[in-house]
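The values are calculated or read from the model by the stated rules, or taken from the named source; none is laboratory data. The structure displayed is predicted, hence computed values, not measured ones. Every residue, glycine among them, receives a Cβ derived from its backbone with ideal geometry; neighbour counts consider all protein chains shown. SASA here: full protein model, heavy atoms, side chains in, ligands and nucleic acids out. Shrake-Rupley method; radii C 1.70, N 1.55, O 1.52, S 1.80 Å.
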Amino acid sequence: MKVKELISIFSRAEKVLKLYENKTVDEMIDDIYLRLCTTNIEDKYLETSNNNNNNNNKKKTVSNIIMDQNIYKKIIDEIKDKEKREIIDHIQELKKDELIHLAKSLDLKLNKSSKKGIMIESIASYFSSINLNQKVSERNEEELQKFINSNK
């Protein structure tokens with residue numbers, strides 16, 4: 001790579017950095033990541049769409065995707081501290097595609113060919129294992145001794 005090419009790259013990067021001048025680096029990266037994710041999803045949507053969409057419909061699609069991401073964050077906030085059975089009851093109403101999107105927002109990989117019950121169980125198990133780890137880490141030594149003695 002020649003220096004001239006590097007200068008060109010830095011000048012393009014400078015334009016991006018100026019857009020986030022008053023933000024933290026984490027906020028900038030999160031925003032760029034969100035924009036890339038919605039662009040990728042939008043492209044997939046447009047490829048599979050049978051009708052021709054104009055720019056207004058395209059913008060609505062992106063805002064719907066962002067709204068959907070906020071909905072999944074809200075669902076996660078609602079279920080993250082619940083017991084496994086409560087989580088299952090809570091997400092039972094979701095459709096298979098919604099479960100897949102919820103899992104993606106948790107960085108869980110679910111098979112699209114899996115049955116809905118297995119998907120629900122996987123998501124509930126994910127949260128129950130996190131909750132169990134938190135409960136165990138919060139216990140003090142006395143509680144652990146009581147538990148050990150009660151199981152003898």
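Measuring with a 1.4 angstrom probe and ignoring ligands and nucleic acids, Asp77 comes out at about 90 Å² accessible. In a reduced charge model with +1 at each Lys and Arg Cβ and -1 at each Asp and Glu Cβ, the range 75-152 shows a dipole moment near 460 debye about its Cα centre. For the range 63-134, report the translational diffusion coefficient in µm²/s to the nearest whole number, using Stokes-Einstein at 4 °C, 1.567 mPa s, and a Kirkwood Rh over Cα pairs. Answer, rounded: 106 µm²/s. For the range 79-125, the relative contact order works out to 46 percent when only alpha carbon pairs closer than 8 Å and six or more residues apart are counted. Taking label positions 7 Å along the Cα-Cβ direction at both Asn22 and Ser137, the computed distance is 3.6 nm, reported to one decimal.
For Lys109, Lys4, Lys146, Lys104, the ranking by accessible surface with the largest value first comes to Lys109, Lys4, Lys146, Lys104, using a 1.4 Å probe.
Residue pairs exceeding 18 angstrom between C-alpha atoms, taken from Lys84/Lys146; Lys74/Lys115; Lys73/Lys95: Lys84/Lys146; Lys74/Lys115.
Within the full protein context, the accessible area of Ser113 is estimated at about 100 Å² for a probe radius of 1.4 Å.
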